[in-house]
Structure formats: structure tokens, C-alpha cells
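Reading through the C-alpha cells given below for one structure.
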Amino acid sequence: MLAILRTIIVVVYSILLCIFGCIYCLFSPRNPRHVATFGHLFGRLAPVFGLKVELRKPQGAENYPNAIYICNHQNNYDMITAAAIVQPTTVTVGKTSLLWVPFFGLLYWLTGNLLIDRNNRAKAHGTIGELVAQFKKKKISFWMFPEGTRSRGRGLLPFKTGAFYATIAAGVPIIPVVVSNTHGKIKLNRLKNGLAIVEMLQPVDTAAFADQSVRKLATHCRELMAAKLNELNAEVAEREAAGKL
């Protein structure tokens with residue numbers, strides 16, 4: 001019964017939010033500030049799933065310059081965890097197939113997110129050039145999932161290099177964001193589903209990697225995120241065992 005109730009609430013809330021969001025965005029379509037606004041609104045669904053989401057940012061994160069944010073990509077629950085920490089004027093880079101998701105697809109485009117055709121290598125490389133051009137024109141940051149697909153409990157997958165090519169070409173920092181494990185954590189028929197921690201790490205100065213390979217930068221960032229993911233998972237397990245949420 002609880003699972004049915006939760007499903008109804010999430011579906012109704014999401015449809016209404018998408019409809020309202022599309023109308024709202026028509027007054028300033030593709031304004032990059034919309035992404036954080038509606039990402040945070042989707043993040044408010046966390047309590048409906050019985051999940052407490054704890055957000056952590058470095059001091060002064062609100063004043064960060066243009067950057068590329070990279071985050072581990074686990075499952076659909078990223079919409080209520082990672083989305084809650086997205087900074088204003090940060091847009092995501094997603095697959096063109098998202099456009100076909102009912103209600104959500106149109107909102108995704110109207111909020112200013114960038115779509116990439118991963119099956120077309122030429123267009124994908126063109127998107128990287130577009131990222132660099134956008135950095136030079138306005139105050140904007142990009143959010144990317146370097147794994148390229150949901151990990152679904154397989155740990156932190158190997159990183160693709162697109163985000164790292166773009167950050168070096170644009171001369172902007174890369175900012176890792178790590179979400180503690182949510183795979184298999186949320187049971188719709190269970191009242192409380194524990195804790196998830198979303199932590200934004202310190203910016204990585206990519207200038208130090210300008211004379212090295214892009215793969216070394218990707219490897220460095222992955223190692224930072226893997227270590228933080230292990231740390232967060234251990235903290236969550238300890239706090240849940242002690243009942244200190």
C-alpha cells in the first residue's frame with residue numbers, strides 16, 4: 001500500500017511540476033538558472049521515498065566561477081539526490097533521447113540543458129566545442145556524468161574523456177560531486193530508507209594537467225571520487241547503524 005501511495009504522489013507531483021515548469025520557462029526559455037530551480041524542486045521528493053539527503057558544499061561554493069561539475073551516475077534516484085545540489089547557472093549535458101520522455105523531456109530542453117547524440121561521434125565532438133564557446137560568452141557551468149551511463153550497483157565505472165577535454169580546452173576548473181550509494185537502498189514499501197550524502201569536493205585545477213594527457217586528469221578525478229565514495233558509504237553505514245541520521 002505504501003508503495004502505491006508513494007508512486008501516486010511522485011507521478012502526480014512530477015507531472016504537475018513539469019507542466020508548471022514548461023509554462024514558467026516560456027517567459028525566459030533556456031535560461032540556465034532554471035536548471036537549479038527545478039532540480040531542487042525534484043530534490044524535495046526525497047522525503048516521499050523515506051530518504052534523508054544531506055548536502056555538503058565547500059565554503060564559498062556559491063561564488064565559484066565557470067566550471068564543469070562531474071558526478072557519479074547511479075540510477076533514477078539521482079533526480080532526488082544529485083539534483084538537489086546543482087548550482088545556479090549550471091546546466092546538464094544529456095542524451096537526445098531524453099526529449100522523448102513524456103512531460104519531462106520538454107522541461108529538460110526549456111530549462112536550458114544541452115543535448116548530445118552519443119551515437120554520432122562527429123556531433124558529440126561538436127558539442128564539446130559548443131561547451132567551450134558557451135564558457136567564453138557567459139556565466140555558465142556544465143554538469144556531466146563522466147561514466148556515461150548508470151552504474152546500477154557496479155561501483156564507479158570507468159570515465160569517458162569528453163568532460164575533461166572540454167575543461168582543459170576552456171581553461172576552467174573541474175568540480176567533482178559524489179553521491180553515496182543508493183543502489184538497492186530504497187524500498188518503496190519500507191517507511192524509512194536511511195541516509196544519502198551528496199558532497200561537492202574542492203575544485204580541481206586543470207592547469208596542472210595542461211601538459212599531460214587528458215586521461216591522466218580523468219584518472220586523477222576518478223581516484224578522488226572513488227576515495228570519497230568509499231568514505232561516504234562508510235559514514236552512512238556507521239550513522240545508520242547508530243541511528244544518527
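The values are calculated or read from the model by the stated rules, or taken from the named source; none is laboratory data. Because the structure is predicted, anything quoted here is derived from the model rather than measured. All Cβ positions, glycine included, derive from the backbone under ideal geometry; neighbour counts span all protein chains shown. Heavy atoms of the whole protein, side chains included, go into the accessibility calculation; ligands, DNA and RNA do not. Shrake-Rupley method; radii C 1.70, N 1.55, O 1.52, S 1.80 Å.
Side notes on the structure shown:
- Single residue of the range 25-50 satisfying the filter (under 12 Å from Leu106 (Cα atoms) and not aliphatic (A, V, I, L, M)) that is least open to solvent (accessible area, probe 1.4 Å): Cys25
- Residues in the range 52-79 that are among the aliphatic types (A, V, I, L, M), touching a Leu at 6+ places or on another chain (Cβ under 9 Å) and open to solvent by less than 10 Å² (accessible area, probe 1.4 Å): Ile68 only.
- Selected residue (criterion: surrounded by the fewest Cβ atoms within 10 Å (Cβ to Cβ)) from residues of the range 204-216 that are among the β-branched types (Val, Ile, Thr) and assigned to a helix (DSSP H, G or I): Val214
- When the range 229-241 is filtered for residues that are modelled with pLDDT of 95 or more and either open to solvent by less than 30 Å² (accessible area, probe 1.4 Å) or among the aliphatic types (A, V, I, L, M) (or both), the ones remaining, listed by number, are Leu229, Leu232, Ala234, Val236, Ala237.
- Filter result for the condition that a residue is surrounded by 19 or more Cβ atoms within 10 Å (Cβ to Cβ) and polar (S, T, N, Q), over Thr182, Thr149, Thr219: Thr182
- Which listed residue, of Leu245, Leu191, Leu201, is more than 30 Å from Leu5 (Cα to Cα), open to solvent by 20 Å² or more (accessible area, probe 1.4 Å) and touching a residue at least 12 places away in the same chain (Cβ under 8 Å): Leu201
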